[in-house]
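Data first, discussion second: the structure below is written as structure tokens.
What follows draws every value from the coordinates through simple rules; no lab data is involved. For clarity, every value in this text was computed on a predicted model and none was experimentally measured. Here Cβ is always computed from backbone atoms with ideal geometry, including for glycine, and neighbour counts include all displayed protein chains.
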Amino acid sequence: MKWTQCPQCGLLAEVVDRDVWPSTDGPVEHAHVRCADRHRFVLPVASLALQHHEAPPPTARSETTQIRRT
Ligand SMILES: [Zn+2]
């Protein structure tokens, strides 16, 4: 399961399904997204990755803490 941000309202949104659609540049993977307010979108996975990148992984914080303690 992967989480992202709703493009319409900005709430937490869940990637519920994935599809590969053919295009003139070759197949493009799309994600079906459903947000906490029940908006539904189908977006290219490439644009999802950009939004997901803004949130730092939770493990990064604990690693930083360990470095400071040492
Ligand atoms: Zn929404």
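Counting just the residues of region 20-34 that are surrounded by 12 or more Cβ atoms within 10 Å (Cβ to Cβ) and under 13 Å from residue 45 (Cβ atoms), which one comes out farthest from the chain's Cα centre (by Cα)? Please lay out each step first, then the result.
Residues of region 20-34 surrounded by 12 or more Cβ atoms within 10 Å (Cβ to Cβ): 28-34.
With the extra rule that they be under 13 Å from residue 45 (Cβ atoms), the set shrinks to 28-33.
On the way: 28: 16, 29: 13, 30: 12, 31: 9, 32: 11, 33: 9 Å.
The residue in question is 28.
Quickly run through region 1-32 and pick out the residues that are without any contact (Cβ under 8 Å) to a residue 12 or more places away in the chain and either of a type in the set (Gly, Ala, Ser) or in contact with a Ser or Thr (Cβ under 6 Å, 6 or more places away or on another chain) (or both).
The answer is 10, 23, 26.
Give the number of residues within region 1-52 that are within 16 Å of the ligand (Cβ to nearest atom) and in a strand (DSSP E or B).
17
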